[in-house]
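Just so it is clear, none of the values below were taken in a lab; they were calculated from the coordinates. All of these numbers come straight from a predicted model, not from anything done at the bench.
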């Protein structure tokens, strides 16, 4: 009686035919099976490698060798997964990491500007504001540093800035910081009137009445003096005139 070698079966025609172990389930492969003449060969799914026993499969660590992840590679059973560091997001190819523009969202406090950086961002306080320990931007009181003219200047703190001014008798120059004395006499804004001489002083002016006139108060208009009210100014008759007087006889 005829017999067949292992991997073959005797057919009704008296000939030996190959057994497809993969199809009839008589193979010992853990995963894939490929039939060969008189035998079979085990194969593994993607992400696995055949062990030395040629039957079972072991997971292949794609992250251990070169991989396509641009940042973080995580090995999973039969495959791998890419991920990104904080501040990055995985692109559509699931491999490449792209920077997240955090400034597109409301991430910075009031009175600050957002600056996107690679993988992160910075909040920069606007001019005139200073960052606190809690990250908030608060107004800087520039007047505390005395930026305006000393003594004759004034300073008013404003939101994010400041404004210089001058005390009475001075005017602010074009640089918006320095003060210059106003010559009230030259600009004819004094209160001396036509019967006095105006003399400019730092921050003010003085009025000196002409002869025959007298002021009612400091830097006030000069009024005519009635000299005839003074005893003994004339021997007989005294007639007051504007700014003077006349003596006459009876």
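Numerical summary
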item	result
Scaled radius of gyration (Cα, divided by 2.2 N^0.38 Å) that the stretch 8-59 gives	1.35
Residue-averaged 222 nm ellipticity for the chain, from DSSP H runs of 4+ at -39500 (n - 2.57), nearest 500	0 deg cm²/dmol
The stretch 8-59 - percent relative contact order, Cα under 8 Å, separation 6 or more	25 percent
Mean separation of Cα contacts under 8 Å, 6 or more apart, over the residue count of the chain: relative contact order %	6 percent
Rule-of-thumb Rg ratio for the stretch 1-146 [Cα; 2.2 N^0.38 Å; N residues]	2.22
Rounded Å value of the spacing that divides the Cα centres of the stretch 169-223 and the stretch 1-46	123 Å
Relative contact order computed over the stretch 37-158 (Cα-Cα under 8 Å; 6+ residues apart), in percent	12 percent
Top of 31, 136, 71 by mean-square fluctuation, Gaussian network on the chain, Cα under 10 Å	31
P(r) histogram, all alpha-carbon pairs of the stretch 72-139 included - 10 Å bins from 0, percent	20, 33, 22, 16, 7, 1
Estimated Rh, the chain: Kirkwood, alpha-carbon pairs, angstrom	30.2 Å
Kirkwood hydrodynamic radius of the stretch 173-250, from inverse mean 1/r over distinct Cα pairs, in Å	14.9 Å
